[in-house]
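Note sheet for the following structure.
What follows draws every value from the coordinates through simple rules; no lab data is involved. Because the structure is a prediction, the values reported are computed rather than measured. Positions of Cβ are backbone-derived with ideal geometry, glycine not excepted, and every protein chain shown enters the neighbour counts.
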Amino acid sequence: MKKYNLLVVDDEREILRSLTLTFAEEYEVFTASSGAEALEILKQRKIALVIADQRMPEMTGAELLEKVFQIDPNIVRIILTGYTDIASLIRAINDGHIYQYITKPWERQELRIIVKRALESYELTLENQRLLNELRVANERLSDENQFLRNEVNKDLQDTDIVGQTPAMQDVFEWVNKVTNNSVTVLLTGETGTGKTLVARHIHQHGLRKDRLFIEQNCGALPENLLESELFGHKRGAFTGAIQDRKGLFEVADGGTLFLDEISEMSSALQVKLLQILQEGRFRRVGENEYRQVDVRIVAATNRDLWTEVQKGRFRMDLYYRVNVFPIHIPPLRKRVKDIPLLADYCLKKHRRKLNSQANSFSDAALQALCRYDYPGNVRELENLIERALILSSGPRIEAGEWLPDLSSNATGMTRLERLQRSEIERLLELHQGDLNRVAQDLGVSRTTVWRRLKDYRSQSDPTFDVSK
Ligand SMILES: Nc1ncnc2c1ncn2[C@@H]1O[C@H](COP(=O)(O)OP(=O)(O)OP(=O)(O)O)[C@@H](O)[C@H]1O
Ligand SMILES: [Mg+2]
């Protein structure tokens, strides 16, 4: 089978015959003796190229080729014309988008070459269109998948309710609301478990960027070089194991939000790179020379006092000012005791289904006990306590019991949780050779909290023990 169908159009039989002879060997040749007849054939056959004589009664070649262009702009259009038809030739070229005009009489071999070249470019055009189309389909699919993944990722984020009615939390809400409608850098501070991660997600979910990605990276979780390539990406071969180019989280989060948790843990080299992103919006992948531009909103968090870190020379002062543009401090749970019943109830509703529990309220005694405790692990600890209570209780109401921290109990009457806390505090105390500040820092609680605990423990086992030293 021949690859291409050609259509030749002329009202002179002689010319039709001659053209058919010229091309019949290589192509399938169709003939028409008028424009109307040619259009009829075009309806039925897939034609790659049309050669039309300009001078025909009723419809000129140029008029015909204009129609051919309308039917399928890819069909190659060649016009045959006498030397004298300059005016109509110009029109043919302008309106009919003619590939080439051939003057009569023509050189047979020359015409063959022209047609051959024209068909080559026809083939390329079709191939291009096919590829473009594939690309478009692939892109659409990718963008669907993207959307899907984004939704999957965001599903986890859906529940970003922040519970709290105390003035302390109202302040937090007020500050949070000030940053949802812009992309200002936010620094969240607060002890462990106070809700920094929750607030970061909330800011993203309720902000301008909610339809883009929210990405979290704990800066204390990876060694420096791994963290660098995680955040900024790398070029293939930048280091052993870099087997291909890789995007970093800044690029992945482009348009969205990057949550940098434990930002104080960043090495000084990475602090420089972060500073550059915050100042100029640009960075370099590891092993690359060119800069890349990104638009990422940064939310950072720390449970250390960043200013102290600056003073100790562990955190760059210039970066401090860039990160600390809009600090939001989340107070520890013991400073908002009135929120405890609300939070307890919220946690109960959050976990009861998953734990297949019947419980839907607390006894008064249980609530009172919950409010008496001081939660060094803050809301996370409260949440854990409630999960535990849901597992241990069987009725519709959670009673005060073994699962609750009981501050009035003495050392021997300690709950398991308290025993765990005590042994952890004592382990750290030994590790840091009695330095209460460092113990407190490791636990993410204040020095006073540690001190109070120790006092309780020691007075229980040794009434003469003095912790005021
Ligand atoms: N105000 C709140 N309302 C509802 N849930 C809360 C609130 N605060 C914290 N939580 C819940 O408590 C748990 C701990 O919070 P989160 O992980 O955000 O703390 P964090 O400050 O990021 O802790 P860390 O410093 O250890 O990373 C989470 O399950 C979170 O959903
Ligand atoms: Mg967190």
Original post:
If the chain between ARG17 and GLN276 were fully stretched, how many nm would it gain, using 0.36 nm times the residue separation less the Cα-Cα distance?
Top reply: 85.8 nm
**OP:** Using a Förster distance of 60 angstrom, determine the FRET efficiency expected from the C-beta separation of ILE243 and PHE326, and round it to 0.05.
**Re:** 0.90
Original post:
Which length gain, in nm to one decimal place, applies between ASP144 and ASP295 when the Cα-Cα distance is subtracted from 0.36 nm times their residue separation?
Top reply: 52.1 nm
Original post:
Where does the charge balance sit around VAL163 when Lys and Arg score +1, Asp and Glu -1, over other residues with C-beta under 9 Å from its C-beta?
Top reply: -3
Original post:
Between THR192 and CYS371, how many nm apart are label points set 7 Å from Cα along the C-beta direction?
Top reply: 2.8
Subject >> Label-point separation in nm, LYS349 to THR103, each point 7 Å along Cα→Cβ >> reply: 8.9
Original post:
Per residue and in Å³, how big is the convex hull formed by the alpha-carbon atoms of the chain?
Top reply: 260
Subject >> Phi-based couplings in Hz for the stretch 303-315 (Karplus 6.51, -1.76, 1.60; Gly and Pro marked x) >> reply: 10, 9, 8, 4, 4, 4, 4, 5, 5, 7, x, 9, 9
**OP:** Pop a pseudo-label 7 angstrom from the Cα along the beta-carbon direction at both ARG236 and ILE113 and give the gap in nm to one decimal.
**Re:** 4.2
Original post:
Roughly what % of DSSP beta bridges within the chain run antiparallel, to the nearest 5?
Top reply: 10
Subject >> PHE326 long-range amide H proximity, modeled H, under 5 Å >> reply: LEU187
**OP:** May I ask you to compute the full-extension gain from ILE162 to THR308, defined as 0.36 nm times their residue separation minus their alpha-carbon distance, rounded to one decimal in nm?
**Re:** 49.7 nm
Subject >> Sites ASP435 and LEU135 - FRET efficiency at Förster radius 56 Å, r taken between beta-carbons, to 0.05 >> reply: 0.35
